[in-house]
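The values are calculated or read from the model by the stated rules, or taken from the named source; none is laboratory data. Only a predicted model underlies this, so the values are computations on that prediction, with no experimental measurement involved. Here the Cβ positions follow ideal geometry from the backbone for every residue, glycine too, while neighbour counts run over all protein chains shown.
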Amino acid sequence: MGYQVLARKYRPQRFADVAGQDHVTGTLMNALRQDRTAHGYIFSGHRGIGKTTIARILAQALNCRKEVGSAERPDPEPCGVCDSCVEIRQGNAVDVIEIDAATNRGIDEIRELRDAARYSPARDRYKIYILDEAHQITEAAFNALLKTLEEPPAHVIFMMATTEPENIPQTIRSRCQHFSFHAVKFDDILNQLRMIAQAEQVTAEDAALALLAEAGDGSMRDALSIMDQAIASAPVEDGRPVLSAAQIRDLMGSVPNAVFERLLEAVAQGQSAELMEQLNTLLNAGHSPSSLARQMVRYLRNTLMAKLAGEHTELLQISADERARAARTAMLFSEEEITRNLQIVLRTFDDLNYRQEQRFHLELGILKLIHAQRLLPIEELLSGVATGIAGRNSSGPAPVPARSPAPSPRQAAPQPSRPAPPAPSNSPFGPSGGWGPGSSSKMSAEPAPVAVVERPAPVAIADRPVPVAVAAQAVAAQSAQAQIMERPASTTAVAPVPVAAAPSIAVPAPQPPGPFPAVSAPVPGLAEAAPLTEGALAKAPEPAPAGSPETSALQTAITTALGEGGHTSAAELLSGAAWIMDGASIRIEVPGMGKKMLALTVNAAAEKIIRQELQRLNAPTRFMVVPGTGTAAVSTSAAKPLAGSIQEAALANPLVNRAREIFNAEVRSVVDLRQK
């Protein structure tokens with residue numbers, strides 16, 4: 001007999017010899033022990049993992065002439081010595097018919113099979129049909145087999161092996177027991193290769209066997225085929241072939257993973273020239289760009305698994321040395337960076353399939369790995385925390401100022417007189433143009449003298465992204481300082497006021513554009529303007545309290561406008577509210593009213609009228625209406641409702657008055673829900 005390849009020579013002959021399919025062999029042995037065998041089986045899974053082998057072993061166990069429990073056959077395993085077992089193992093059994101469904105896939109072949117299945121077996125207990133590559137059978141042929149498979153004769157058993165079970169019709173799958181085979185684990189393949197090497201008297205390094213097991217990619221047959229080829233090309237010492245890792249790499253055309261480790265180290269350090277030099281060495285050695293990209297994808301996948309689950313996870317089907325190497329590479333990158341690198345290399349591998357300049361595209365794709373290291377995550381970009389760039393481009397992160405720094409205290413030296421700029425329009429308020437007790441109460445033909453404050457020098461900020469909020473604060477502070485920088489003190493010159501050294505100078509908040517228009521008569525209720533001094537500059541404007549003349553005037557004007565606009569409920573509600581003016585905003589506190597009811601009353605149309613009235617009065621247009629504390633100011637005893645308002649109609653309603661008497665209550669506010 002001629003030479004027999006390792007995959008056939010060491011094919012398992014017992015269930016216990018099958019590696020990595022314990023969930024299938026255990027179930028079948030229990031079914032044989034309990035005499036609960038089915039009439040149809042589907043074995044599906046990866047190539048070269050034992051589907052057809054287990055079908056043959058099951059056929060031997062079913063037709064074995066030895067009884068289960070006897071001395072020759074103590075368990076459901078086939079005895080392997082009877083005529084039936086020997087003939088099935090050799091492939092010349094009369095009652096076990098193995099059909100290549102990829103060739104005999106038509107309806108005529110299936111009709112012949114169906115007709116032959118009606119006859120009893122010639123000698124054995126069962127007539128067994130093993131259909132290899134069953135997914136190749138046509139749909140019409142499956143339909144012809146459907147009835148026979150659903151109600152077969154008692155002596156017929158069908159076994160179908162396939163790598164694509166989804167291509168088998170559901171009507172066929174529902175009539176069979178389906179066993180899904182697993183890919184063989186790396187350790188199981190390695191142990192099998194080590195056993196075969198000893199049996200074949202081959203001297204093999206552990207690294208060489210690990211390479212063979214990894215090249216099998218979960219297929220025992222693929223690993224044995226590569227081992228057969230490696231033994232044939234191995235040098236012979238003392239009559240024994242010697243397998244080395246370097247020889248197997250040369251045979252398979254693969255690159256040591258240590259090379260990919262160095263490549264990714266250059267990526268982590270941002271060394272583009274070193275990366276291109278190493279890649280040039282590999283390409284000049286004869287390695288194809290497509291093969292390099294494929295191997296790098298596998299290495300990055302192992303690196304990602306080591307990053308996610310650690311070095312000793314079952315997700316890594318590689319040797320211990322390769323596990324340690326993948327773990328070292330994983331320490332150089334974050335999880336997101338490894339995922340991004342894997343996506344880049346996968347895209348590069350896809351591009352190489354339809355590109356003519358494969359070397360150029362591989363170099364470009366590998367160079368993208370370094371460029372991707374310089375990208376800033378979107379989270380850091382939105383939050384303004386550029387820790388990633390600072391960690392790579394500088395020794396330490398430069399602090400980003402939280403707000404615009406205050407000017408350093410300096411002694412203002414007397415300066416020579418200079419021509420005064422054109423005088424601005426007169427305003428009854430102070431230099432800030434705002435509301436408050438520090439505002440002027442009368443107009444003057446000449447503006448009051450003010451202090452000249454020197455603008456601080458620009459603050460140097462590191463070349464890093466500044467958050468949007470920080471930038472807005474800095475711009476607002478600079479615009480506020482610009483309002484008090486230079487104001488004319490007279491028609492000819494500005495009288496500087498010496499300012500003593502102080503820790504900081506408070507800068508008022510920015511005001512709304514444009515002060516109130518100039519008037520000829522003083523505004524009642526406003527204090528006299530005082531000359532600006534050091535204390536006046538350091539003192540921030542205080543909010544105008546509720547009930548002050550300016551807030552009362554605004555309240556009266558706005559409630560009148562709301563009443564004229566048809567929003568009587570909102571006008572009545574805001575007439576009893578507390579109006580507080582704080583700088584560039586107005587706060588309207590309505591007592592005794594919830595948020596939802598307040599939103600129904602002061603709706604979008606009412607807010608539009610309020611904003612228009614504030615603009616007409618040149619008052620701050622920023623306002624908010626919020627629930628206040630205490631009792632409502634709008635009641636039957638405290639205020640008289642407006643004529644023709646919904647409040648007046650409600651208080652005149654007899655049902656409302658009757659409810660007030662029964663519950664001893666009062667009407668504090670009325671909301672007209674009919675308003676659009």
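Side notes on the structure shown:
- All positions within region 202-227 that are touching a residue at least 60 places away in the same chain (Cβ under 8 Å) and of a type in the set (Val, Ile, Thr): none
- Number of positions in region 1-15 that are within 15 Å of Val184 (Cβ to Cβ) and surrounded by fewer than 16 Cβ atoms within 10 Å (Cβ to Cβ): 0
- The residues on offer are Val5, Val18, Val86, and the sole one that is among the aliphatic types (A, V, I, L, M) and free of Cβ contacts under 8 Å to residues at least 24 places away in the same chain is Val86.
- When Leu554, Leu562 are screened for being touching a strand residue (DSSP E or B) at 6+ places or on another chain (Cβ under 8 Å), hydrophobic (A, V, I, L, M, F, W, C) and modelled with pLDDT of 80 or more, only Leu554 passes.
- Any hit, region 118-137, residues being in the same structural domain as Glu87 (by TED's automatic domain parsing) and at positive phi: yes
- When residues of region 328-372 are limited to those that are surrounded by fewer than 19 Cβ atoms within 10 Å (Cβ to Cβ) and of a type in the set (Gly, Ala, Ser), the one nearest to Val184 (Cα to Cα): Ser334
- Taken together, Glu205, Glu200 contain a single residue that is within 26 Å of Glu314 (Cα to Cα) and either aliphatic (A, V, I, L, M) or outside the structural domain of Thr37 (by TED's automatic domain parsing) (or both), which is Glu205.
- The set of residues in region 554-580 being farther than 16 Å from Pro627 by Cα and either in contact (Cβ under 8 Å) with a residue 24 or more places away in the chain or outside the structural domain of Ala606 (by TED's automatic domain parsing) (or both) consists of Leu554, Gln555, Ala557, Ile558, Ala561, Leu562, Gly563, Gly565, Gly566, His567, Thr568.
- Pairs linking a residue in region 286-301 that is in contact (Cβ under 8 Å) with a residue 24 or more places away in the chain and more than 15 Å from Ala215 (Cβ to Cβ) to a residue that is part of a helix (DSSP H, G or I) and among the small types (Gly, Ala, Ser), with Cβ atoms under 9 Å and 6 or more positions apart or on different chains, are Ala293/Gly365.
- Residues in region 271-287 that are in a loop (DSSP other than H, G, I, E, B) and modelled with pLDDT of 90 or more: Gln271 alone.
- Some residue of region 228-239 being part of a helix (DSSP H, G or I) and without any contact (Cβ under 8 Å) to a residue 12 or more places away in the chain: yes
- Filter result (closer than 14 Å to Arg340 by Cα and surrounded by fewer than 18 Cβ atoms within 10 Å (Cβ to Cβ)) within region 291-308: Val297, Arg301
- Within region 51-95, if we keep just the residues that are among the β-branched types (Val, Ile, Thr) and part of a loop (DSSP other than H, G, I, E, B), the residue that is farthest from Ala154 (Cα to Cα) turns out to be Val81.
- The set of residues in region 571-592 that are among the hydrophobic types (A, V, I, L, M, F, W, C) and either closer than 13 Å to Phe623 by Cβ or not in a helix (DSSP H, G or I) (or both) comprises Leu574, Ala577, Ala578, Trp579, Ile580, Met581, Ala584, Ile586, Ile588, Val590.
- Condition check for Leu381: in a helix (DSSP H, G or I), out of contact with any Cys (no Cβ under 6 Å at 6 or more places or on another chain) and at pLDDT below 75: yes
- Per the listing Ala199, Ala207, Ala141, the residue uniquely within 18 Å of Ile42 (Cα to Cα) and among the small types (Gly, Ala, Ser) is Ala141.
- Residues in region 107-120 that are assigned to a loop (DSSP other than H, G, I, E, B) and surrounded by fewer than 17 Cβ atoms within 10 Å (Cβ to Cβ): Arg118, Tyr119, Ser120.
- Count - residues of region 315-353 that are more than 27 Å from Gln271 (Cβ to Cβ), free of Cβ contacts under 8 Å to residues at least 12 places away in the same chain and in a loop (DSSP other than H, G, I, E, B): 1
- Being at pLDDT 90 or above and among the small types (Gly, Ala, Ser) is a property that Gly20 lacks.
- Screening Thr329, Thr339 for residues that are in contact with a Ser or Thr (Cβ under 7 Å, 6 or more places away or on another chain) and of a type outside the set (A, V, I, L, M, F, W, C) leaves exactly one candidate, Thr329.
- Tally, over region 32-71, of residues that are under 49 Å from the mean Cα position of the chain (by Cα), crowded, with 20+ Cβ neighbours inside 10 Å and not small (Gly, Ala, Ser): 10
- Wholly within region 126-202, strands (runs of 3 or more DSSP E) carrying at least 2 residues that are closer than 25 Å to Ala223 by Cα and within 43 Å of the chain's Cα centre (by Cα): 156-162, 177-180
- Some residue of region 619-626 being more than 15 Å from Ile558 (Cα to Cα), part of a strand (DSSP E or B) and either among the small types (Gly, Ala, Ser) or under 45 Å from the mean Cα position of the chain (by Cα) (or both): yes
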